[in-house]
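For reference, the structure discussed in these notes is given below.
The values are calculated or read from the model by the stated rules, or taken from the named source; none is laboratory data. Please read these numbers as outputs of a predicted model, since none were measured by experiment. Glycine gets a Cβ as well: all are built from the backbone with ideal geometry, and neighbour counts include every protein chain shown. Please note that ligands, DNA and RNA were not included when accessible areas were found on the heavy atoms of the full protein model with its side chains. Shrake-Rupley method; radii C 1.70, N 1.55, O 1.52, S 1.80 Å.
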Amino acid sequence: MRIGILALQGAFAEHRDMLESLGTDCTEIRQRKDFRENLDALILPGGESTVMKKLLGELGLLNPIRKSIEDGMPVMGTCAGLILLAENVDGGEPCFGTMPVTVRRNAYGRQLGSFQTVEEVKGVGQFPMNFIRAPYIEKVREDVEILAVTEGNITAARYGSQLGLAFHPELTDDPGIHRYFIEEIC
Ligand code: GLN
């Protein structure tokens with residue numbers, strides 16, 4: 001199995017380290033030619049969704065990645081990556097728009113927006129969650145499975161082979177979410 005990690009900006013190296021610790025091969029996607037058919041799954045990391053969206057368009061990656069996700073390629077989006085997947089982003093145009101959820105960006109405020117907590121994630125168990133200027137999911141369509149709720153807000157959800165997380169599982173030493181993605185979704 002080979003997992004592609006979008007590596008234009010943000011916390012991609014930490015995903016690579018986590019996946020490699022689980023024995024999974026990775027390819028960093030920096031340009032169009034890195035995104036090939038031999039990838040079994042994709043990770044969209046945290047960072048700044050507006051910057052990533054702009055670069056995806058400029059590099060010609062937006063349409064091929066969207067098509068692969070629509071065709072069923074497993075994808076995990078964390079934080080900004082969740083924003084890229086969301087069909088509705090408050091006050092903005094969606095990027096891939098493949099996941100029928102509504103997200104609110106910087107939902108906890110810009111300045112005091114970083115915090116940690118431990119919460120149950122369905123299928124994974126208790127998990128340490130790091131939120132950094134994080135979004136949360138305001139609304140999901142009825143066929144989206146809610147996997148975690150933190151302080152009354154949805155922070156993890158699954159729609160078929162798309163996994164969206166408001167927090168950063170790659171910034172912990174708990175591989176539980178990555179293992180869930182590989183074993184249950186890929
Ligand atoms: N606030 C960022 C955005 O809107 C997301 C932050 C993150 O990925 N840690 O894209």
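Annotations
- Residue tally, condition near the ligand (Cβ under 8 Å from one of its atoms) and of a type in the set (Asp, Glu), over the range 36-52: 1
- Selected residue (only one of Ile69, Ile5, Ile65, Ile29 is in contact (Cβ under 8 Å) with a residue 60 or more places away in the chain, surrounded by 14 or more Cβ atoms within 10 Å (Cβ to Cβ) and among the β-branched types (Val, Ile, Thr)): Ile69
- All positions within the range 141-163 that are under 13 Å from Arg104 (Cβ atoms) and crowded, with 17+ Cβ neighbours inside 10 Å: Ile154, Thr155
- Top-ranked residue in the range 106-122 [being within 17 Å of the chain's Cα centre (by Cα) and modelled with pLDDT of 95 or more; ranked as least open to solvent (accessible area, probe 1.4 Å)]: Val121
- When the range 84-115 is filtered for residues that are touching a residue at least 24 places away in the same chain (Cβ under 8 Å), touching a Lys or Arg at 6+ places or on another chain (Cβ under 6 Å) and within 12 Å of the ligand (Cβ to nearest atom), the ones remaining, listed by number, are Asp90, Cys95, Asn106.
- Residues satisfying the stated conditions in the range 153-186, i.e. of a type outside the set (S, T, N, Q) and assigned to a strand (DSSP E or B): Ile154, Ala156, Ala157, Arg158, Tyr159, Leu163, Gly164, Leu165
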